[in-house]
Amino acid sequence: MFEKLSQYLVPIAGKLNNNRYLAVLRDAFMLAFPLTIFGSIFVVLTNLPFLDKIMSEESLNTFRTLFGNASPATMGIMSVFVVFGIGYYLSKSYDVEAVFGGAIALVSFLLLTPFVLQPENGEAIQNVIPLDRLGAKGMFLGMITAFLSAEIYRKVVQKNITIKMPPGVPPAVAKSFAALIPALITLTVFLLINVFVTAVFDTNMHDVIYKAIQAPLVGLGSGIIPTLIAVFFIQILWFFGLHGQIIINSVMDPIWNTLQVENLNAYTNGDPVPHIISKPFMEIYTVGMGGTGMTLAVVFAILLFMKSRQMKQVAKLGLGPGIFNVNEPIIFGLPIVMNPLIIVPWILSPMIVTLVSYFAMSSGMVPPPTGVTVPWTVPVFINGMMATNSIAGGLLQLVNMAIVFVIWFPFLKVIDRVNVKKEQDEMNKAS
């Protein structure tokens, strides 16, 4: 059965993992990662639950005002970083001047962005960019625009439709002139698109893409059934030795990151967090409990209750990294990869934990993640509290680890008996 599955899954996963556009999209989101971490830190600091107990209302408002720019300047304009990153990395993958690819992608996105703010009750304000157009609401248009603009730019460059300067011209000047004609052609295309959509349909591309593509996809991706399907494929790919997060997240990250930004915008505005499923949910309540498959509970089960020297040695090696959510020593040392005795708890426990976490949050027992970005190496319980701004978020992780412990325990006992018998036979042969 495993051989038949691998014959179908491994080639598909390999194609996804090596896909140029998915790799570029992954790298673009990683470009924004340190910036969103910065913004998230100050969101956590300015919204600590005990601040209203130690500070007056006036002092608290002043404190939040002084440090409040950290979030809108990073998480609030995340689409800007992603657009530039896509243009940069896609151009780089084609061996054309990458920085101009990123700049052209960003300007192309801005050409499709309406420079007008329309209050619900009031006169339109011209020559300003609404912040939501640069954040969650503009995410999908930004990605589409960045890919298309970078493709047009690189094709013009590769056809040598450029201005070539004499050898004595400084490199920076020569590169600028070389990018001039590709930039003019690319930007003209997107300017004409904006003119057509605005003049003929009396709307803008942001609203078109948001209503036609982004809103339906985000609605689908925020559901528990698609999330469980994604978790299932992450686990099954890891079972065959393929990095499930890199492959599946490349497809799902645009949706989960959009949900995260919408959560953060609502949280910082004092509104209820609209989504349970988001990027922090997937990281904190799956990977954030000892790595993929939440194997920190498995390490504790082995150290406390198993007798096999081999298993205990692997668990000792995996304990330190597992605390910081690195579990390759367990995945490849136990092993989990291609081990038929382990496939049931390996797939089942993350799916059950995801269900438990979802219903705990949907019922109101635990608040959903606020949208702040928590580094994935932050240990369990601490990252749960940081993500939800509540001790309940950390306690839920402990409950989840107990669930993983119970699911894995009988399977670990079977493996332990096999290993103990094997070790005893080896000792008898040696003696």
Tell me, please, whether a residue that is aliphatic (A, V, I, L, M), modelled with pLDDT under 90, surrounded by fewer than 19 Cβ atoms within 10 Å (Cβ to Cβ) and in a loop (DSSP other than H, G, I, E, B) can be found in the stretch 363-371. no
Go through the stretch 31-80 and report how many residues are in contact (Cβ under 8 Å) with a residue 12 or more places away in the chain, farther than 17 Å from Val372 by Cα and open to solvent by 20 Å² or more (accessible area, probe 1.4 Å). 2
For the condition modelled with pLDDT under 90 and part of a helix (DSSP H, G or I), what is the one hit in Leu106, Leu45? Leu45
Residue pairs within 7 Å by beta carbon, gap of at least six or interchain, first lying in the stretch 404-415 and under 11 Å from Val344 (Cβ atoms), second at pLDDT below 90 and open to solvent by less than 50 Å² (accessible area, probe 1.4 Å), listed first then second, are Phe411/Ile342
Tell me, please, whether a residue that is at pLDDT 90 or above and of a type in the set (Gly, Ala, Ser) can be found in the stretch 399-420. yes
In the list Gly101, Gly76, Gly87, which residue meets the criterion of being in a helix (DSSP H, G or I), in contact with a Gly (Cβ under 9 Å, 6 or more places away or on another chain) and modelled with pLDDT under 90? Gly76
Tally of residues being open to solvent by 20 Å² or more (accessible area, probe 1.4 Å) and touching a Ser or Thr at 6+ places or on another chain (Cβ under 7 Å) across the stretch 205-238: 1
Of the conditions (1) of a type in the set (S, T, N, Q); (2) farther than 14 Å from Val299 by Cα; (3) crowded, with 19+ Cβ neighbours inside 10 Å, Asn428 clears all except one; give me its number. (3)
Residues of the stretch 321-362 classified as within 21 Å of Phe240 (Cβ to Cβ) and among the polar types (S, T, N, Q), total: 4
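Of the residues Ile161, Ile129, only one is under 18 Å from Leu180 (Cβ atoms), among the β-branched types (Val, Ile, Thr), outside any helix (DSSP H, G or I) and open to solvent by 50 Å² or more (accessible area, probe 1.4 Å); which?
Every option except Ile161 fails the conditions.
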Just name the residue that is nearest to Leu348 (Cα to Cα) out of those in the stretch 284-307 that are modelled with pLDDT under 90 and in a helix (DSSP H, G or I). Thr286
Identity of the residue in the stretch 48-73, part of a loop (DSSP other than H, G, I, E, B) and more than 30 Å from Ala172 (Cα to Cα), that ends up farthest from the chain's Cα centre (by Cα): Ser56
Of the residues Asn383, Asn327, Asn400, Asn389, which single one is on the phi > 0 side of the Ramachandran plot, within 27 Å of the chain's Cα centre (by Cα) and surrounded by 14 or more Cβ atoms within 10 Å (Cβ to Cβ)? Asn389
Output the number of residues of the stretch 305-323 satisfying the condition of being buried (at least 20 other Cβ atoms within 10 Å of the Cβ) and more than 22 Å from Pro379 (Cβ to Cβ). 3
Being farther than 30 Å from Pro335 by Cα, modelled with pLDDT of 95 or more and open to solvent by less than 60 Å² (accessible area, probe 1.4 Å) narrows it down to one of Ile152, Ile185, so name that one. Ile152
Residue tally, condition more than 18 Å from Met139 (Cβ to Cβ) and without any contact (Cβ under 8 Å) to a residue 60 or more places away in the chain, over the stretch 270-283: 3
What is the number of the single condition among (1) of a type outside the set (S, T, N, Q); (2) surrounded by fewer than 21 Cβ atoms within 10 Å (Cβ to Cβ); (3) modelled with pLDDT of 90 or more that Val200 does not meet? (3)
Which of the numbered conditions does Thr286 fail, given that it passes all the others? Conditions: (1) closer than 17 Å to Ala360 by Cβ; (2) open to solvent by 10 Å² or more (accessible area, probe 1.4 Å); (3) more than 14 Å from the chain's Cα centre (by Cα); (4) in contact (Cβ under 8 Å) with a residue 40 or more places away in the chain. (3)
If you scan the stretch 372-389, which residues turn out to be of a type outside the set (Val, Ile, Thr), out of contact with any Gly (no Cβ under 7 Å at 6 or more places or on another chain), closer than 22 Å to Ala297 by Cα and not in a helix (DSSP H, G or I)? Pro375, Pro379
Filtered residues of the stretch 164-177 (kept if within 17 Å of Val99 (Cα to Cα), surrounded by 10 or more Cβ atoms within 10 Å (Cβ to Cβ) and among the hydrophobic types (A, V, I, L, M, F, W, C)): Val173, Ala174, Phe177
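The values are calculated or read from the model by the stated rules, or taken from the named source; none is laboratory data. Note that the coordinates shown come from a computational prediction; the quantities given were computed from them, not determined experimentally. FYI the Cβ positions are ideal-geometry reconstructions off the backbone, even for glycines, and counts take in every protein chain you see. Heads up: the accessible areas ignore ligands, DNA and RNA and are worked out on the full protein's heavy atoms, side chains in. Shrake-Rupley method; radii C 1.70, N 1.55, O 1.52, S 1.80 Å.
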